[in-house]
Amino acid sequence: MSLTIPEAKREAITAAVGRSVRETGVYDIHTHLYDPAFGELLLWGIDDQLVYHYLVAEAFRHFDIGYVDFWRLAKEDQAQMIWDALFVENSPLSEACRGVLTALNRLGLDANQRALPSIRKWFSEQDPDEYITRCMELAKVNTICMTNSPFDELETPKWDAGFERDRRFTSALRIDPLLLEWDSVVSQLCDAGYEVQPDFSGKTMDEVQRFLRDWAKRMDALYVMVSLPPTFEYPADTECSRLIDGAILPFCRESGLAFALMIGVKRGVNAAMQLAGDGIGKPSLVGLENLCSGHPDNKFLCTVLSRESQHELCVIARKFRNLHVFGCWWFTNIPNVIEEMTRMRLDLIGMSFTAQHSDARVLDQIIYKWDHSREIIAGVLSEKYLNLAATGRESSEAEIQRDVEGLFGGSFSRFLGR
């Protein structure tokens, strides 16, 4: 029989959950941000916020300009066009637009102003190092995990040269080209001194493992990751599947690193929009299930892009303890879907997941993405602790704090064994 919870007790539980969710620092376990040593690769400021692919895709629905002509414009002109279309000529009601305004407001700017040049001037006056610290403090983000690719021509020279790491930034080793573009990667690996063959003969699999070992050590990577299309299958008679069996899984077992799969992106649905032109598809998660069941000594991280796949993912996670579910990725990073996913995960797998990651490409975005997510997570958790109280079980503030810390990175670190 459910108990009636006195109003004062309801308010106390809700307040305790709200405090914990608002104040707990997070481990942002998947972003596209960079250690400040990478210089201009770390994006920040109003122009980078506006020329972000979420906003570009939205703005093109209002533009008459052709895609090619738009990309020929200077970034400042692109940003102005997007600002005018989405923030002046229309009310900025979308989540991506609201995010820009949340960041401006939290940074102390007037989110009601319509003049972009004055906002741009404020950003131009900021010291980059101090600004990084300010954004992280406002977002209450303790640690940012980068996405680092050894195939990125802009990024690899920095790793080759070496640099002093900022301890707030950790690394994930991204291997999309290796698994999805093998024919084009073979020559790059050969040029780098790895004895690989297009048909996987000879030392190929051992050499791919050596490549992964070298780069994981260089980056001090936390995990190995790949973004996969909705057509992903495993096992299968594909280069991707053969490389997973012959190189990725053996390396991850040997190193103890988890293999992260982000499943469901359809690249280049409208290629003329560049990054803004990627789409979504509903995948089969049988391949993930086969990985988890067939390789119990490997650890897997997973997030999926389609809303329709979230229930299946949770059920798979219930069956395999070597799978850790994380975050609300890309098209699912909108309030109503975050709420639905968080509630579903709590219902099906309890506290053994990571509630959110920012997926930020622009530093300032961590402010709004975590502010908005915290609000939703606090509401869902409050409801859950009230449900507990209705059974006669009361959670202490220390227990609530423990749980929130787990959802905000503690569970992830324990899963990795760090």
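The values are calculated or read from the model by the stated rules, or taken from the named source; none is laboratory data. As the structure is a computational prediction, the values presented were derived from the model and not from experiment. Cβ sites come from the backbone with ideal geometry, for glycine too, and all protein chains shown count toward neighbours.
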Flag for PHE320 being among the aromatic types (Phe, Trp, Tyr), free of Cβ contacts under 8 Å to residues at least 40 places away in the same chain and over 28 Å from GLU95 (Cα atoms) = yes
The helices (runs of 4 or more DSSP H) lying wholly within segment 6-87 that contain at least 3 residues that are at pLDDT 95 or above, crowded, with 16+ Cβ neighbours inside 10 Å and within 26 Å of the chain's Cα centre (by Cα) are 7-23, 46-50, 53-59, 75-83
Picking from PHE38, PHE70, the residue that is among the aromatic types (Phe, Trp, Tyr) and closer than 30 Å to VAL224 by Cα would be PHE38
Of the candidates ALA16, ALA85, ALA59, the one satisfying the condition of being farther than 30 Å from MET225 by Cβ and without any contact (Cβ under 8 Å) to a residue 60 or more places away in the chain is ALA85
Would it be correct to say that ILE366 is modelled with pLDDT of 95 or more, touching an Asp or Glu at 6+ places or on another chain (Cβ under 8 Å) and under 24 Å from ASN142 (Cα atoms)?
-> yes
Kindly establish whether LEU386 is surrounded by 22 or more Cβ atoms within 10 Å (Cβ to Cβ) and either charged (D, E, K, R) or touching a residue at least 24 places away in the same chain (Cβ under 8 Å) (or both).
-> no
Does ARG174 qualify as being of a type in the set (Lys, Arg) and over 15 Å from LEU243 (Cα atoms)?
-> no
Determine which member of the set ILE349, ILE334 is touching an Asp or Glu at 6+ places or on another chain (Cβ under 6 Å) and either assigned by TED's automatic domain parsing to the domain that holds PRO229 or surrounded by 21 or more Cβ atoms within 10 Å (Cβ to Cβ) (or both).
-> ILE334
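This table checks each residue for (1) more than 30 Å from PRO229 (Cα to Cα); (2) buried (at least 18 other Cβ atoms within 10 Å of the Cβ).
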residue	(1), (2)
LEU116	yes, yes
SER124	yes, no
ASP129	yes, no
ASN148	no, yes
TRP159	no, no
ARG174	no, yes
TRP182	no, yes
Out of contact with any helix residue (DSSP H, G or I) (no Cβ under 8 Å at 6 or more places or on another chain) and without any contact (Cβ under 8 Å) to a residue 60 or more places away in the chain: does that describe GLU233?
-> no
When segment 272-288 is checked residue by residue, the ones that are on the phi < 0 side of the Ramachandran plot, within 22 Å of the chain's Cα centre (by Cα) and in a helix (DSSP H, G or I) are MET273, LEU275, ALA276, GLY277, GLY287, LEU288
